[in-house]
Amino acid sequence: EDYGTQMIFKILERKDGGGGEGADTSMNLCPSTFQRLAQHNFGSHLIESVFISAEESIRSALFEKCVKGKIKSYASHPLANFVVQALVTCVTNKNVAKALAEELFPIFDQLMQSNKGGVVAATLNMCSRLNVRTSRAFKAIEGVLEAKAEAR
């Protein structure tokens, strides 16, 4: 592993040693440390940089261990939503992209109402760029626009 990768995992590792000697490094990640950093004024910039500059295996490991199943709280957070945007913008693994999309589509309306349209836009771009869940993406944004039109 390169030095940058080692540094990322060192910052995010569990303090109890996790999986023990020789364990898969990604299994030693601490979701609570990730969450604290993602929701911190300066730490969020670090996590954004990790998603932007890291190799796909690191993005995928961080998604699986720290983000999956928690996307609603991150995407809705004033700072962590930028972390989500960085992940969605940079992901190249189609399985991760599909999982992200499936978690994000149901909250498009909520994100738009709370001024988190950047997450919605990044998700739509990801679906188009990777050609994943494009039909569902269209339906999700169509639903948001229809709800907005009905509210008028």
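The values are calculated or read from the model by the stated rules, or taken from the named source; none is laboratory data. The structure presented is a predicted model; accordingly, all values stated were derived computationally and were not measured. Neighbour counts run over all protein chains shown; Cβ positions are idealised from the backbone, glycine included. Only protein heavy atoms, including side chains, enter the accessible area calculation; ligands, DNA and RNA are left aside. Shrake-Rupley method; radii C 1.70, N 1.55, O 1.52, S 1.80 Å.
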For segment 74-152, projected area of the alpha-carbon convex hull averaged over all directions, nm²: 4.6
Give, rounded to the nearest 20 debye, the magnitude of the charge dipole that the chain has about its Cα centre when Lys and Arg contribute +1 at Cβ and Asp and Glu contribute -1 at Cβ. 440
Whole-percent carbon and sulfur contribution to the accessible surface of segment 44-152 (1.4 Å, no ligands, DNA or RNA) stands at 53
I'd like to check one number: the per residue accessible area of segment 54-152, probe 1.4 Å, reported in Å² as a whole number. 49
log10 I(q)/I(0) for the chain, Debye formula on C-alpha points only (no solvent), q = 0.12 Å⁻¹, two decimals, reads -0.51
Can you list the HN-Hα couplings for segment 124-129, worked out from phi with the Karplus curve (6.51, -1.76, 1.60; θ = phi - 60°), rounded to whole Hz and with x for Gly and Pro? 4, 5, 4, 4, 5, 4
Theoretical gain in end-to-end length, T33 to S135 [0.36 nm per residue, Cα-Cα removed]: 33.2 nm
Helix-derived mean residue ellipticity, 222 nm - over the chain, DSSP H n ≥ 4, -39500 (n - 2.57), to 500: -20000 deg cm²/dmol
Burial order of peptide ranges 101-107, 78-84 (average beta-carbon count within 10 Å, highest first): 78-84, 101-107
